[in-house]
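The values are calculated or read from the model by the stated rules, or taken from the named source; none is laboratory data. These figures come from a predicted structure and were not determined experimentally. Positions of Cβ are generated from backbone atoms using ideal geometry, with glycine treated the same way; all protein chains shown enter the neighbour counts. Note: accessible area is taken over every heavy atom of the protein model, side chains too, but ligands, DNA and RNA are not part of it. Shrake-Rupley method; radii C 1.70, N 1.55, O 1.52, S 1.80 Å.
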Amino acid sequence: MIKVAVAILNWNGIGLIKKFLPTVLKYSENKNTKIYVIDNGSSDNSIQYIETNFPSVNIIQLNKNYGFSGGYNKGLEKIDAEYFILLNSDIEVTENWIEPVIGLMDENKDIAACMPKIRSYHKKDYFEHAGAAGGFIDYYGYPLCRGRIFNVVEKDNSQYNEISEIFWATGACLFINANLFRQFGGFDEE
């Protein structure tokens, strides 16, 4: 069993793989972490591209596109790790992006999932809409996130640097306790 598996779900994303996978490898590969691409039945040669250019990446090929929940459920079944990190193929990671979150989860095994702050790729000092710094649910069940309310995006002035309990976390960059994920049956595919 490995400690951390970074799992990237792919469907015909060769352009995103070319652009973002090199940084994931640069800032993630070590003796405790393996990189996986779970392919949802791509037809764009992205698997061949990964095999040729990134031979250290583990590929899990699914026979068709099972969507986000189904693709991750089927792919993660094939990975034996203590923690899963689900990472969208269009996320640029930075140095030391894994260790602080895994350290927190190691200290408290009751934490099911965590997420980091996510900033915009194009305006790096502003938050992104993909969960920003974690979320809350309003009275009507609408998910809100720190760092962004509808189309108003905040500049990251370290206002969300503290660790905070949240109601929901984005799947764009989601750290998951693999044992709890399995115990609860993975994602609801409905």
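Pick from the range 78-103 the residues that are touching a residue at least 60 places away in the same chain (Cβ under 8 Å), more than 14 Å from the chain's Cα centre (by Cα) and under 12 Å from residue 36 (Cβ atoms): which of them is most open to solvent (accessible area, probe 1.4 Å)?
80
Quick check on my filter: what residues within the range 47-64 are more than 24 Å from residue 175 (Cα to Cα) and touching an Asp or Glu at 6+ places or on another chain (Cβ under 7 Å)?
47, the sole residue that qualifies.
Name the single residue, out of those in the range 65-77 being over 15 Å from residue 174 (Cβ atoms) and of a type outside the set (Phe, Trp, Tyr), that is most open to solvent (accessible area, probe 1.4 Å).
77
Restricting to the range 154-190, count the residues that are touching a residue at least 40 places away in the same chain (Cβ under 8 Å), closer than 13 Å to residue 72 by Cα and assigned to a loop (DSSP other than H, G, I, E, B).
6
Can you tell me which residue in the range 132-153 is modelled with the lowest pLDDT, limited to those that are farther than 20 Å from residue 113 by Cα and aliphatic (A, V, I, L, M)?
Residue satisfying both the conditions and the ranking: 149.
Give the number of residues within the range 32-48 that are more than 26 Å from residue 183 (Cα to Cα) and either of a type in the set (D, E, K, R) or buried (at least 16 other Cβ atoms within 10 Å of the Cβ) (or both).
We begin by selecting, within the range 32-48, every residue more than 26 Å from residue 183 (Cα to Cα); these are 41-48.
From the residues that got through so far, the ones that are either of a type in the set (D, E, K, R) or buried (at least 16 other Cβ atoms within 10 Å of the Cβ) (or both) too are 42, 44, 46-47.
So the count comes out to 4.
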